[in-house]
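The values are calculated or read from the model by the stated rules, or taken from the named source; none is laboratory data. All values derive from a computational prediction rather than experimental measurement. Here the Cβ is made from the backbone with ideal geometry for all residues, glycine too, and neighbour counts use every protein chain on show. Note: areas computed on protein heavy atoms with side chains; ligands, DNA, RNA excluded. Shrake-Rupley method; radii C 1.70, N 1.55, O 1.52, S 1.80 Å.
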Amino acid sequence: MMCLVDEAELEQALVEESPRVEWKESDRDGTVILRAVCALANDLGNAGDPGYLVLGIRDDGRLLGLPHSDRGARDRAQQTLVSRLASIKLLPNPSISIHPLKRDGVWFMVVRVEPYPVPPVVKVDQVAWVRVGTVTRRATQADIRRLEERRPEHHRPFDLRAVGTAMLDDLDLRSLQAMHAAAREAAGDPETYPDLEHWLGQRELAAYKDGRWRPNATSVLLFGFSPQSHVPGAFVEMAGYRGDGYDSDVVWRSTITGSLTDQLDGIWKDLTARITDVPVLDEGMRTRYGPRYPLEIDTDGYTTVTVRARP
């Protein structure tokens, strides 16, 4: 993700390490880089400012630079770094931008990391990392609780909290009104049945906040016209790699948005479109074809489960 960054802001990242600045002398150690970005995204100190990972400078401040003298090598190094930081090892992926910087005849790469609003807590291989002073370390249980309780209404699960940027009009009210009408009819006492807003509140699909009813994350994800406008990261990323490592070249990639039911349909359509048929059995002069990866799971004759995403 690219953003406008003042050059003086990048220069400040070369002055000294701090809770929001970390220096590394190389861009080769993927694990160290992922942990550093994870810690900066978690922003344990709640500074609210971007964090900076500078690659090509030692802990003592000596400017080493990176061994990418020509532009082609620098571009390839950036592509590798972007693929690494977009991998499933680092979840959820924070917003980053990468800026090459030349000083004293050598090149650096500065990774600008936006602090991630929590929850969720950013983790590497299911482990959270934080930065305390100038040290990046594994988060303790106290650190994780501190991160999880940063937002208001932290005693309620994330999916039940009111979404401050959303209104009931952002939901598919036609479908919800039909469900409400059916429930009221089935109740047998339509005169005393709650109106739509209170009905949504009773079913934990809305919350009363700031003098009005607002949808929560659950209703936005299930019934929202554009959940991604209100819940960051509410989409599915699908990718195919040339090899079996997370640093392998990406062959294809797609982003699936919409409500949860839309995304489930999109996942299934994408999977069926990309799984090719290959020869599986010769029957005389005929060759039978089947999917390269099975769409059904056979559990030794007990049952056959069709893997299909349906609303």
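A few comments on the model shown:
- Note that region 1-82, at 37 °C in a medium of 0.692 mPa s, gets a Stokes-Einstein diffusion coefficient of 239 µm²/s from its Kirkwood radius over C-alpha pairs.
- Fraction of alpha-carbon pairs over 29 Å apart in the chain - percent: 54 percent
- Note on region 86-151: Cα Rg divided by 2.2 N^0.38 Å, N the number of residues, gives 1.34.
- Mean accessible surface per residue for the chain, computed with a 1.4 Å probe while every protein chain stays in place, in Å²: 59 Å²
- Simple Cβ-charge dipole of the chain, Lys/Arg +1 and Asp/Glu -1, about Cα centre, in debye nearest 20: 480 debye
- Cα centroid separation, region 192-209 to region 98-128: 42 Å.
- With the charge dipole of the chain set up from +1 on Lys and Arg Cβ and -1 on Asp and Glu Cβ about the Cα centre, the Cα lying farthest toward the positive end among the listed residues Ile96, Gln12, Val106 is that of Val106.
- With only the Cα atoms considered, region 181-279 has a convex hull volume of 159 Å³ per residue.
- Choice from Thr257, Thr31, Thr218 showing the highest fluctuation, given a GNM over the chain with Cα pairs closer than 10 Å: Thr31
- A crude spin-label estimate for the pair Thr287 and Ala73, with each label 7 Å from Cα along the Cβ direction, gives 4.6 nm.
- In the chain, helical runs assigned H by DSSP with n ≥ 4 each contribute -39500 (n - 2.57); averaged across all residues and rounded to the nearest 500, the mean residue ellipticity at 222 nm is -8500 deg cm²/dmol.
- This model, with +1 at the C-beta of Lys and Arg and -1 at the C-beta of Asp and Glu, gives region 37-190 a dipole about its Cα centre of some 780 debye.
- Signed unit charges on C-beta, dipole axis of the chain, positive-most listed residue Leu173, Gly266, Pro194: Gly266
- Convex hull volume of region 21-157 per residue (C-alpha atoms, cubic angstrom): 99 Å³
- The packing ranking of peptides 130-136, 105-111, highest mean first, is 105-111, 130-136, where packing means the average number of other beta carbon atoms within 10 angstrom of each residue.
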